[in-house]
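Here is the structure we will look at.
Derivation of every value follows stated rules applied to the coordinates shown; laboratory data play no part. What you see is a predicted model; the values in this text were computed from it and never measured. Cβ coordinates were reconstructed from backbone atoms using ideal geometry, including for glycine residues, and neighbour counts include every protein chain displayed.
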Amino acid sequence: MAIKYHESERIYHLFSEGMSYVIQIVNDYPVHLYWGKRLRDEMDWSGMLQRVERSSFCPNPVPEDLSISLDTLPQEYPQYGTSDFREPAYQVQLEDGTRITELKYRNHRILSGKPALNGLPAVYVESDGEAQTLELTLLDDHTGLTVTLLYSVFERLNVVTRSARLSLPQEGASSLRILRALSASVDFHDRDYELLYLSGAWTRERHIQRRQVLPGGTRIESRRGSSSHNMNPFAALVRPNTDEGHGDAYGFSLVYSGNFMAQAEVDQFDLTRVSIGINPFDFSWQLEAGQSFQTPEAVLVYSPDGLGGMSRTYHRLYRTRLCRGVHRDKPRLILVNNWEATYFDFNADKIEAIARAGAELGIELFVLDDGWFGRRDNDHSSLGDWVVDKNKLPNGLRDLAERVNGTGLQFGLWFEPEMISPDSDLYRAHPDWCLHVEGRRRTEARHQLILDMSRQDVRDYLFGALSDILANAPISYVKWDMNRNMTEIGSTQLSPDRQMETAHRYMLGLYELLERVTSTFPHILFESCSGGGGRFDPGMLYYMPQTWTSDDSDAIERLKIQYGTSIVYPVSAMGAHVSAIPNHQVSRLTPLEIRGHVAMSGNFGYELDLTKFDEREKNVVRQQVAAYKQLRPLVQNGDLYRLLSPFEGNETAWMFVSEDRKEAVVFFFRTLAVPNPPLGRLKLQGLDPDRDYRLEGESGLFAGDRLMHYGVNLPRLEGDFVSLVMKFTAV
Ligand code: DGJ
């Protein structure tokens, strides 16, 4: 891994084991030359840039060189107004109202390691040898604006992280307004691509979409104030023939939890520009002399081995160098959560009974969900009043936590810190603490408003309220929920010219609070949630290493949701629970077996009233819990191979393989019964072709190459909603 500067050609070669990313400074403009399979560094770098003279409709900023037009050069951080008419990476407005700036090369630094981003989540290194960073600084002479482009490459992974820092000098500069500041923009040299992205809705998150890129733009975005159920902050550019195991895939993932935009634009000469960053819609930022604005980080992954290779790179990076804390590498506990078991209707005896039933079956953690505080018997009140409800829990939280601990389970607790109910003591005391616009209606959703996280006093209140509880009861886990999107976005703390900063300042405030809470209580495992997967993004994973994947707990819906989520996110980040039938979201009846197998493909748990199970059901649960404890290291840390897609047919399959390829587990699911079915055979992936494997419960040996190329014969399966688990161990 290295970053090499070839001075005579003014070329930066950023490379990892299998990937190169090449930038050239041409007439002081930063030009994008290449991103893809590794190139030799020891080669003749001259003559790479293709130079063509175009018509006057591609203007020439360098009069003596008509082959230079920003409209045709592939750019690293494109600007608007000086000859590039495509999607710009940034735009600023000066005090005189003009929007013209022209960034030219100023200097560069090459550093070992990877610096942290001030106040923002980002991937990190544990030792400087893991990565190198290029800081490329560009200057607009006229305003003194500098833009520093940050690129980090990792030694062992085909990853480039990118972000930009916009700064004004202390002396001699006037303030300006940033109208857009994206994190990354890459110009690809042709348009033979498709854009793959993840879209959905509440209870239907991260379904895979794939479509051809055509002249014009394809944009995905969120304007909801959070990354959202609807569009995930991720897009990949792939070749039309790219599949799970073959072909180029270029991933763009934004480490941010607020409004984002990702776009693919094909221009008149068939270049494809992909850009990603904070959504410029309803955003601006006032930059004063001496100040800097740091964009969030975009994590770019290149895979020559299809979508599977891209996903495994993201999984490894996010599992080990985005998630943090003592729980990062620890087995995640099997939990039982009371939400779908009791909703708001519980007391201490009921909770203890569920925990005791869980303990008898081998479950390790009990999570008390919504309804334990204020006077919260439904969702109409009390958010913000983080004081235990003595009607439900007369002896308080510590007593309840100890009773749960007494059954042998650890104790976890739900909060929704960012919210405020109009019917709450907090709102009566501080009606101005929510996001709102003076004199206008405050639109409620689920009868709640959103606290203004850009305010220090709000964050201090929340830190105090949460700390009082977390420090005074044996709490090992926190579920941090967030159940609505932003309306009437405004902050009374900000001047009129800064109102469009509110949504981003909210995220910065939230990140600051999360850093404070998680570092004060490092022993607690935090799980993020936003009505399920409304904020399943890398920003949240930096503070909380797992997320409640979806409020849809139906096993069949979960096949798609978990499959789609795995395009970017590791399964160690995905909460997955067995729930009751008929399912509470879609009323489907499925066997306990398939519900278990789908949930065992993530961070496993139950979300139902275990006290209502009969002996047969208890036995199934006992076996599932015991099986998961055995499989847990493989599922949580293994390499994921997706074998059959639920988006393409009646069958779904995926498998996990240990890093040394000695252990593998295959999960196979069939949704509906097929009369007089064809023979079933499943080809596996990721095994060692030269090893023999034993299949648990079967005699004989299976060669790795046979399992991958011929496949494993599947038994005949009867009925709807059936599943199989096959565990292979190398001999
Ligand atoms: C939404 C979450 O996704 C659910 O799991 C549950 O915690 C409810 N909120 C509680 O209000």
**OP:** For the chain, find the longest principal axis of its Cα atoms and tell me its angle to the long axis of helix 396-407, 0 to 90°, nearest 10.
**Re:** 70 degrees
Original post:
Under the classification rounded if a/c is under 1.5, otherwise prolate if a/b is larger than b/c and oblate if not, where does the stretch 598-731 fall, given a ≥ b ≥ c as square roots of the Cα gyration tensor eigenvalues?
Top reply: oblate
**OP:** Could you list Leu608, Leu393 in order of exposure, starting from the residue whose Cβ has the fewest other Cβ atoms within 10 Å?
**Re:** Leu393, Leu608
Subject >> Whole-Hz ³J(HN,Hα) from phi, Karplus 6.51 cos²θ - 1.76 cosθ + 1.60, for the stretch 574-587, glycine and proline x >> reply: 9, x, 9, 10, 7, 10, 6, 10, x, 4, 6, 9, 10, 6
Original post:
Residue by residue through the stretch 345-356, which ³J(HN,Hα) values in whole Hz follow from phi under the Karplus form 6.51 cos²θ - 1.76 cosθ + 1.60 (θ = phi - 60°), with glycine and proline marked x?
Top reply: 9, 8, 9, 4, 5, 4, 4, 5, 5, 5, 4, 5
**OP:** With a/c under 1.5 counting as rounded, go ahead and sort the stretch 278-435 into rounded, prolate or oblate using the C-alpha gyration tensor (a ≥ b ≥ c being the square roots of the eigenvalues; past the cut-off, prolate if a/b is larger than b/c, else oblate).
**Re:** oblate
Subject >> Hydrodynamic radius by Kirkwood, which averages 1/r over all alpha carbon pairs of the chain, in angstrom >> reply: 27.1 Å
Subject >> Dipole magnitude (debye, nearest 20) for the stretch 455-531, charges at Cβ of Lys, Arg, Asp, Glu >> reply: 60 debye
Subject >> Cα centre as origin, Lys/Arg/Asp/Glu Cβ charges: the stretch 482-593 dipole, Debye >> reply: 0 debye
Subject >> Dipole in debye (nearest 20) - the chain, about Cα centre, beta carbon charges: Lys, Arg +1; Asp, Glu -1 >> reply: 1240 debye
Subject >> Between 0 and 90°, nearest 10: helix 615-637 axis offset from the chain longest Cα axis >> reply: 30 degrees
Subject >> Integer Hz, Karplus 6.51/-1.76/1.60 couplings in order for the stretch 449-457, x for Gly and Pro >> reply: 10, 10, 5, 7, 6, 6, 8, 5, 5
Subject >> Percent RCO, i.e. relative contact order, over the stretch 7-75, from Cα pairs under 8 Å lying at least 6 residues apart >> reply: 23 percent
Original post:
How many angstrom separate the Cα center of the stretch 412-475 from the Cα center of the stretch 149-216?
Top reply: 32 Å
Original post:
If amide H atoms are built 1.01 Å from N in the plane of the peptide, which residues on other chains or at least 5 residues away come under 5 Å of the amide H of Glu297?
Top reply: Val255
Subject >> Neighbourhood net charge (15 Å Cβ-Cβ; Lys/Arg +1, Asp/Glu -1) for Gln585 >> reply: -2
**OP:** Name the shape class, rounded, prolate or oblate, that the alpha-carbon gyration tensor gives for the stretch 1-137, where a ≥ b ≥ c are the square roots of its eigenvalues, rounded holds for a/c under 1.5, and otherwise prolate holds if a/b is larger than b/c and oblate otherwise.
**Re:** oblate
**OP:** Compute the separation of the alpha-carbon centres of the stretch 530-599 and the stretch 81-100 and state it in Å as a whole number.
**Re:** 43 Å
**OP:** Name the residues whose placed amide hydrogens come within less than 5 Å of the amide hydrogen of Gly247, ignoring near sequence neighbours (fewer than 5 apart) on the same chain.
**Re:** Gly306
**OP:** Considering the options Pro677, Met655, Pro689, tell which one lies farthest towards the positive end of the dipole of the stretch 652-700, charges being +1 on Lys and Arg and -1 on Asp and Glu at the Cβ, about the Cα centre.
**Re:** Pro677
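Give me the number: length gained by fully extending Glu402 to Ser175, i.e. 0.36 nm times residue separation minus the C-alpha to C-alpha distance, one decimal in nm.
76.1 nm
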Original post:
Check Leu33: other-chain or 5+ apart residues with amide H under 5 Å from its amide H, H built from backbone geometry?
Top reply: Val22, Ile23, Gln24
Original post:
Helix 306-321 versus the longest principal axis of the chain: what is the Cα-based angle in degrees, 0 to 90, to the nearest 10?
Top reply: 80 degrees
